[in-house]
Amino acid sequence: MKKIGIIGAGISGLFIANLFKNNPNYQITIYEKNTSNDLDEGYGIQLSVNSIKLLNEIGFQKLHNNEKFTPERIIFYSNKSLDKICELDITNFNSVDCRYTTLKRSSLINFLKSDLGDLIKTGFKISEIDQFDKQIKLTFENNKIEECDYLIISDGVFSKSKSLISNNKTQPKYNNTLAIRGVLRKFSENIDNKNISLFLGSNFHQVIYPTNPHGDLNFIAIMKYQLSFEEQKSYSLFSESSFIKKVLEKIPSENKEFLNNLRELKIFPVFVSNNFYKSQNANIHFIGDAFFAFPPSFAQGASQSIEGAYELFKSIKSNTENIFFNNRVNKTKMINIRSKFNQFAFHLSNPLTIFFRNIFLKRLVKNKKFLESYLGKVYKN
């Protein structure tokens with residue numbers, strides 16, 4: 001029996017643990033640095049059909065409908081006028097059991113944790129990783145020492161495990177954007193609150209969507225914002241009332257209605273991966289944001305974490321781990337390029353370029369060949 005150590009109890013780490021847990025050839029242990037999982041109660045995530053198909057293999061379809069929502073359209077709005085630009089029908093990529101889904105992150109985490117029980121060890125913060133011929137030794141800050149045959153690293157964009165293995169050669173970079181998150185209760189009567197609403201503005205865009213049938217709405221805005229190197233590293237800065245006030249003052253006045261109804265407001269800098277890193281040890285692998293984190297403008301963060309974890313699971317089972325890295329790099333590069341392009345297109349500020357962008361958008365959302373190429377290659381994987 002092979003021992004698999006998983007560092008990080010996020011979406012990708014918990015998902016791959018579920019895939020392995022009933023396989024008699026492997027023994028799974030998940031090491032989580034927090035004493036209890038940070039569930040980000042209330043904040044939402046989007047899951048496209050490529051990840052729903054994989055989640056269904058561990059019973060996601062049984063999650064009660066009260067805990068998830070299946071929007072049918074993405075509706076584009078002008079952030080300045082709040083006028084509708086166009087809409088995209090996302091049901092074209094759905095099947096009977098695989099539908100584009102939105103839900104609270106906490107609902108997904110709780111589902112993924114539900115059958116893992118004692119396989120999750122909390123309060124285990126990694127301090128050292130030693131590699132031997134056939135074993136990997138893990139030393140934690142609580143002075144516990146564990147050994148494993150395979151090490152799967154899924155501890156996020158600021159992965160300490162990745163830094164230890166790469167000798168700090170893989171530090172993420174600031175994306176020159178801030179994310180503003182919150183939960184909405186009230187909403188404008190002029191906006192469709194049963195679907196995904198995407199508002200395009202100058203150096204700013206925001207997305208609002210339901211996370212369940214009860215009227216809970218997730219709010220996330222991405223704003224271009226320059227930070228000094230010192231500010232980027234000052235985690236306390238983003239919770240200071242003076243900084244929050246300064247940021248909110250830069251939000252267009254048209255969005256004040258949303259801000260006035262926001263709960264659980266949180267502001268944080270967006271960091272993305274600078275490069276790919278492959279361990280020299282064939283039995284050490286990265287998934288989720290520890291593998292690569294891209295700009296949050298393509299709504300594929302959670303879905304790609306799930307997809308990458310599934311690919312690694314299949315590779316380890318079939319002893320083809322050597323091709324996992326290259327395959328995942330190719331897919332991730334495609335997502336990263338499209339995420340960057342979306343952010344560029346969403347944040348246009350010149351009135352003329354905005355005019356032509358909107359014309360193209362109206363045509364592209366009805367162009368089946370384009371949609372099959374731009375979205376189908378991702379959603380139907």
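In nm, to one decimal, how far is the residue 92 label point from the residue 245 one, both placed 7 Å along Cα→Cβ?
Roughly 4.8 nm, to one decimal.
Using alpha carbons only, what's the Rg to Rh ratio of segment 199-297 with Rh from Kirkwood?
For segment 199-297, the value is 1.05.
Taking θ = phi - 60°, what integer Hz values does the Karplus form 6.51 cos²θ - 1.76 cosθ + 1.60 yield along segment 348-359, in sequence order, with x for Gly and Pro?
Values, residue by residue: 4, 10, 6, x, 5, 5, 5, 4, 6, 4, 5, 4 Hz.
I need the Kirkwood Rh of segment 80-210: take the reciprocal of the average 1/r across all distinct C-alpha pairs and report it in angstrom.
19.9 Å
Calculate the tail of P(r) for segment 269-359: the fraction of all Cα-Cα distances greater than 17 Å, expressed in %.
55 percent
Among 91, 35, 29, which comes first, second and so on when ranked by fewest other beta-carbon atoms within 10 Å?
35, 91, 29
Sketch the reach of a paramagnetic label on residue 322 as a point 7 Å from Cα along Cα-to-Cβ, and name the residues of segment 264-295 whose backbone nitrogen lies under 19 Å away.
So the set is 278-286.
How far, in nm, would the chain grow between residue 374 and residue 256 when pulled straight, counting 0.36 nm per residue and subtracting the alpha carbon separation?
Full extension of this stretch gives 39.2 nm more.
Given a Förster distance of 30 Å, report the FRET efficiency between residue 2 and residue 337 from their Cβ-Cβ distance, rounded to the nearest 0.05.
The computed FRET efficiency comes out at 0.25.
Work out, in µm²/s and without decimals, the Stokes-Einstein translational diffusion coefficient of the chain at 10 °C, 1.306 mPa s, Rh from Kirkwood over C-alpha pairs.
Reported coefficient: 73 µm²/s.
Give me the number: length gained by fully extending residue 366 to residue 116, i.e. 0.36 nm times residue separation minus the C-alpha to C-alpha distance, one decimal in nm.
Taking residue 366 through residue 116 to full extension adds about 85.6 nm, to one decimal.
Per residue of the chain, what 222 nm ellipticity follows from adding -39500 (n - 2.57) for every DSSP H run with n ≥ 4, rounded to the nearest 500?
Result for the chain, helices only: -9000 deg cm²/dmol.
Please report 1, 223, 334 as a ranked list, fewest other C-beta atoms within 10 angstrom at the top and most at the bottom.
Lowest to highest Cβ neighbour count: 1, 334, 223.
Coordinate-derived values only; no laboratory data. Fair warning: this is a prediction, and the values are worked out from it, not measured in the lab. Counting neighbours? That spans all protein chains shown, and the Cβs are built from the backbone with ideal geometry, glycine included.
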